[in-house]
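*Asks:* Right, I'll just put the structure down here and ask away after.
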Amino acid sequence: MTWAAVSARRLARHRLDAPATVGGDPVTRRIADVVAGTCGAHAQVMSAAEVSVAMRVAGAVRGDVRNALWRDRTLVRAHGPRGTVHLMASRELPAWVGALGGLDADRGVAVGEPYLDPDQVAALAEACPGVLAYRDLTATELTQALADTVGGWAAEPVVDAFRDHLPRWRWAQPTLGHRGALCFGPNRGREVTFTSPARLLPGFVPMDGPPALRRLALRYLHGYGPATPAEFARWLGAPRDRCEEVFRELGDSVERVTVAGAGPAFQIAGDPTHHELPRGVRLLPYFDVFGVGCHPRSLLFAGGAARRALARGQAGNYPLLLVDGQVAGVWHQALRGRRLRVTVEPLVRLSEAESDELAFQVQRLAGIQGAEEAEVETGRVTVGPHA
């Protein structure tokens, strides 16, 4: 397969070639379909997550993503791959919890180190659904509730974090999410809240671990393939040998292909090749999953893009300018009231048509965020990478 064919298919699967149309479906359902197709959306920075998702659905705005989360509940905010916070399609959460919880179980005694032992992690996982069964709790409220339930050790401020110390249970927060013991509720003012997936999604039952992990591997290959077991392991934050085993277990469901300039990889068996060239100018916000999840980086971030758009080899810390499926620059926005100003630093010379499309994308970015005025300028982006 040529790299162009790989890029064209990934752009289509990520709805970056053309946004998904709503048709007769509620927009929040279409949003969930798009998020399922990308295997989630990074949500450490919720404002960026809202843009990332909304840009993939025709006519969608940030409020539609919030409605999908808190009104219609077609999305859920939970701990996903690598323990990072993601938006996920609610219907996919049983598979996510089954796969990630199973991987945590495989880690055994190492799960809680150095702040918790396995028995303490198990006690927290058992306690969380009960204390979160009837209402959302802030971190402070949940800390007290867990201390009352499992013992004062849960609230001991021992976890180093940003020149402060968090309570002991917070070290296990991603693990508790992976086990389906908690997820995020709506913010209470500026404070994050936690809730139980079983309360948020009635009938929630995690899948068994091995089939859930195989399902997740196929979903990943649908959105990011062709890919290698090592790339899947890096994306998921899982042991490479376990991911190699998963790919073997997939059997005839996958097939080996060779990507020009990258080498052998796997795709879903019979997945059609896109023969058209990748086209389009797109502005991807912080931590957009296309930049974070697509490999190999040497081809996606070719030439000067690796030096300018990666932070110590890590993707996501800069918003990306994408031209014809390639990282071709970085950008930054300043949103003040109803006015949006976007500075774009291209690494390639944009044609007149590409400049016009860039201007259109800036207007779309403004509409998603509720801005009434928008302007774009090209020049050096002086803002450093996001932490």
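Read-outs throughout are calculated quantities, based only on the coordinates presented, and are distinct from any laboratory measurement. In this text the structure is predicted, and so the values were computed from the model without any measurement. Glycine gets a Cβ as well: all are built from the backbone with ideal geometry, and neighbour counts include every protein chain shown.
*Asks:* Quick one: which residues, 5+ away or cross-chain, put their amide H under 5 Å from the amide H of Gly185? H built at 1.01 Å from N.
*Replies:* It is Thr193, Phe194, Thr195, by chain and number.
*Asks:* Short version: ³J(HN,Hα) in whole Hz for each residue of the range 212-227, in order, from phi by Karplus 6.51 cos²θ - 1.76 cosθ + 1.60 (θ = phi - 60°), x for Gly and Pro, what are they?
*Replies:* My calculation for the range 212-227 gives 5, 5, 5, 4, 5, 4, 5, 5, 5, 5, 5, x, 10, x, x, 8 Hz in order.
*Asks:* Can you list which of the GluC sites (Glu not before Pro) found in the range 225-277 are DSSP loop residues with at most 14 other C-beta atoms within 10 Å?
*Replies:* Details: sites: Glu231, Glu244, Glu245, Glu249, Glu255, Glu276; in loops: Glu276.
Those satisfying the criteria are Glu276.
*Asks:* For the range 343-384, which trypsin sites (Lys or Arg not before Pro) are both in a DSSP coil and crowded by at most 13 other Cβ atoms within 10 Å?
*Replies:* Loop-located and lightly packed - Arg349, Arg380.
*Asks:* Tell me the relative contact order for the range 281-378 as a rounded percent, counting alpha carbon contacts under 8 Å between residues six or more apart.
*Replies:* Here the relative contact order equals 26 percent.
*Asks:* Which whole-Hz ³J(HN,Hα) couplings does the range 249-255 yield from phi under the Karplus relation 6.51 cos²θ - 1.76 cosθ + 1.60, θ = phi - 60°, glycine and proline marked x?
*Replies:* Listing the rounded values in order: 5, 5, x, 6, 6, 10, 9 Hz.
*Asks:* Moving on. Rounded, prolate or oblate: which one fits the range 238-334, using the alpha carbon gyration tensor with axes a ≥ b ≥ c (rounded when a/c is under 1.5, else prolate when a/b beats b/c, else oblate)? Walk me through the numbers on the way to the answer.
*Replies:* On the way: a/c = 2.34, a/b = 1.65, b/c = 1.42.
Judged from the Cα gyration tensor, the range 238-334 comes out prolate (a/c at least 1.5, a/b above b/c).
*Asks:* Could you tell me the distance between the Cα centroids of the range 35-69 and the range 323-387, to the nearest Å?
*Replies:* About 18 Å separates the Cα centre of the range 35-69 from the one of the range 323-387.
*Asks:* Give me the distance in nm between label points sitting 7 Å out from Cα along the Cα-to-Cβ direction at Arg380 and Arg188, one decimal.
*Replies:* For Arg380 paired with Arg188, the spin-label model returns 4.7 nm.
*Asks:* Sticking with this one: If Lys and Arg each add +1 and Asp and Glu each add -1, what is the summed charge of the other residues whose beta carbon sits under 10 Å from the beta carbon of Glu372? Write out the running numbers ahead of the final one.
*Replies:* Working: positive: Arg338, Arg339; negative: Glu373.
Cβ neighbours under 10 Å give a net charge of +1.
*Asks:* For the range 111-184, what's the relative contact order in percent, using C-alpha pairs closer than 8 Å and at least 6 residues apart?
*Replies:* Details: 76 pairs, mean separation 25.1, N = 74.
It comes to 34 percent, rounded to a whole number.
*Asks:* Going by how many other beta carbons lie within 10 Å of each one, how would you line up Phe204, Phe360, fewest first? Could you put the intermediate results ahead of the total?
*Replies:* On the way: Phe204 17, Phe360 11.
Lowest count first: Phe360, Phe204.
*Asks:* Between Glu372 and Thr258, 0.36 nm times their residue separation minus their Cα-Cα distance comes to what?
*Replies:* 36.3 nm
*Asks:* Find, among the trypsin sites (Lys or Arg not before Pro) in the range 138-224, those assigned to loop by DSSP (not H, G, I, E, B) with at most 15 other beta-carbon atoms within 10 angstrom. Don't skip to the end; give the middle numbers.
*Replies:* Numbers: sites: Arg163, Arg168, Arg170, Arg179, Arg188, Arg190, Arg199, Arg214, Arg215, Arg219; in loops: Arg163, Arg179, Arg190.
For trypsin sites (Lys or Arg not before Pro) across the range 138-224 that sit outside H, G, I, E and B with at most 15 neighbouring Cβ atoms in 10 Å, the list reads Arg163, Arg190.
*Asks:* Before anything else, pin down the relative contact order of the chain: Cα pairs under 8 Å, at least 6 apart, normalised by residue count, whole percent.
*Replies:* Computed value for the chain: 17 percent relative contact order.
*Asks:* Between Glu245 and Val45, what is the spin-label point distance in nm, taking each point 7 Å from the Cα along the Cα→C-beta axis?
*Replies:* Those two pseudo-labels are separated by 3.8 nm.
*Asks:* Further question on the same structure: Note down the nm distance, to one decimal, between modelled labels 7 Å out along Cα→Cβ at Asp160 and at Met1.
*Replies:* Distance between label points: 4.2 nm.
*Asks:* Can you list residues whose amide H is under 5 Å from Gly329's amide H, if they're 5+ apart or on another chain and H is modeled 1.01 Å from N?
*Replies:* Placed amide hydrogens put Leu321, Leu347 under 5 Å from Gly329.
*Asks:* Can I ask one more? Taking θ as phi - 60°, what are the ³J(HN,Hα) couplings along the range 270-286 by the Karplus curve (6.51, -1.76, 1.60), each to the nearest whole Hz, with x for Gly and Pro?
*Replies:* x, 4, x, 8, 8, 8, 6, 6, x, 9, x, 10, 9, 10, 9, x, 3
*Asks:* Sticking with this one: To the nearest 20 Debye, how big is the dipole of the range 111-184 about its Cα centre, given +1 on the beta carbon of each Lys and Arg and -1 on that of each Asp and Glu?
*Replies:* That gives a dipole near 180 debye.
*Asks:* Still on this structure, please answer the following. Among residues other than Ser351 whose Cβ falls under 13 Å from its Cβ, what is the net charge (Lys/Arg +1, Asp/Glu -1)?
*Replies:* Once all neighbours under 13 Å are counted, the net charge is -3.
*Asks:* Under a 5 Å amide H to amide H cut-off, with H placed in plane at 1.01 Å, what residues pair with Leu75 once short-range neighbours are removed?
*Replies:* Leu69, Ser90
*Asks:* Shifting gears a bit: So what's the net charge close to Ala309: Lys and Arg +1, Asp and Glu -1, counting the other residues with Cβ under 14 Å from its Cβ?
*Replies:* +4
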